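J.: Before I ask anything, here is the structure I am working with.
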Amino acid sequence: EEDAANRLFRDLKLKNFRGREGQIDEMKKAALSPEIGGAYVFQAASGWGKSALMSRLYEELCSDCSNKIVLFHSVGVTERSISVSSMLQRFSYEISGVLERPYDELDVMPGSTADDIYRSYFDCVDAASESGYRVIVLIDGFENLTPSENYGPFYFMNNSARYILTGPDGDLDIPEGMSILQKRIDGLSYEEATEILTDILDKAGGKTIDCL
């Protein structure tokens with residue numbers, strides 16, 4: 001259910017996507033930078049198109065999946081998707097599938113505690129790294145995640161995976177010692193804005209424009 005909902009979400013967001021190459025390049029560079037671990041939070045106002053950017057980023061990263069495991073999660077696509085524990089459980093299964101690791105080795109069966117789920121996820125990320133894979137995690141709408149009891153919202157990032165997150169404007173309460181960078185992306189270049197507005201006018205039967 002979660003996988004199908006996320007696929008449908010991405011398809012819908014990409015249906016009319018165009019432009020914004022500068023933002024995509026910046027997010028892709030962050031995802032593929034050589035440092036181990038850490039997170040980037042790309043921020044913009046609600047309705048600006050962060051979800052479409054993340055969907056496009058996932059598509060581009062997956063076009064060459066050699067030595068990469070790319071995970072995508074959109075918070076809010078299902079009732080369970082707001083739970084950190086539910087998200088990590090799904091990630092663990094996805095990583096294990098790539099590694100061909102038997103699912104019955106994962107201690108994330110119904111009734112598992114948050115400790116079990118977090119530990120299994122950390123073990124999966126470690127196993128992927130030891131097998132030569134780089135884990136890249138894309139989470140759209142990070143601010144709406146509900147952390148597990150006794151765990152802060154950033155705790156699950158304490159591993160070697162690279163995290164790319166989207167969220168609204170505003171400062172985050174980042175725990176000391178964690179490498180999390182915030183970056184605004186709610187801006188278009190002249191060329192991108194002209195291209196988008198020209199396309200809108202063309203579809204409406206208007207004339208193209210040369211300047212803004």
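J.: Taking the Cβ of M87 as the centre, find all other residues whose Cβ is under 9 Å away and add up their charges (Lys, Arg: +1; Asp, Glu: -1). If you can, show how the numbers build up before the last one.
T.: Working: positive: R80, R90; negative: E2.
Neighbour charge sum, excluding M87 itself: +1.
J.: Among the trypsin sites (Lys or Arg not before Pro) within region 9-57, which fall in a DSSP loop and have no more than 14 other Cβ atoms within 10 Å of their own Cβ? Walk me through the numbers before you get to the answer.
T.: On the way: sites: R10, K13, K15, R18, R20, K28, K29, K50, R56; in loops: K15, R18, R20.
Answer by residue number: K15, R18.
J.: Distance in nm between label sites at D25 and T113, each 7 Å beyond Cα in the beta-carbon direction?
T.: Modelled inter-label distance: 5.0 nm.
J.: Could you tell me the convex hull volume per residue, in Å³, taken over the Cα atoms of region 1-153?
T.: Numbers: hull volume 18.9 nm³, N = 153.
In region 1-153, the Cα hull volume divided by residue count equals 124 Å³.
J.: A further question follows. If I model a spin label as a point 7 Å beyond the Cα along the Cα-Cβ vector, how far apart are those points for S33 and K15 in nm?
T.: If labels sit at S33 and K15, their model points lie 3.5 nm apart.
Where a number appears in this text, it was derived from the coordinates with a stated rule and is not lab data. For clarity, every value in this text was computed on a predicted model and none was experimentally measured. When we count neighbours, we look across all protein chains shown, and the Cβ atoms used for this are built from the backbone with ideal geometry, even at glycine.
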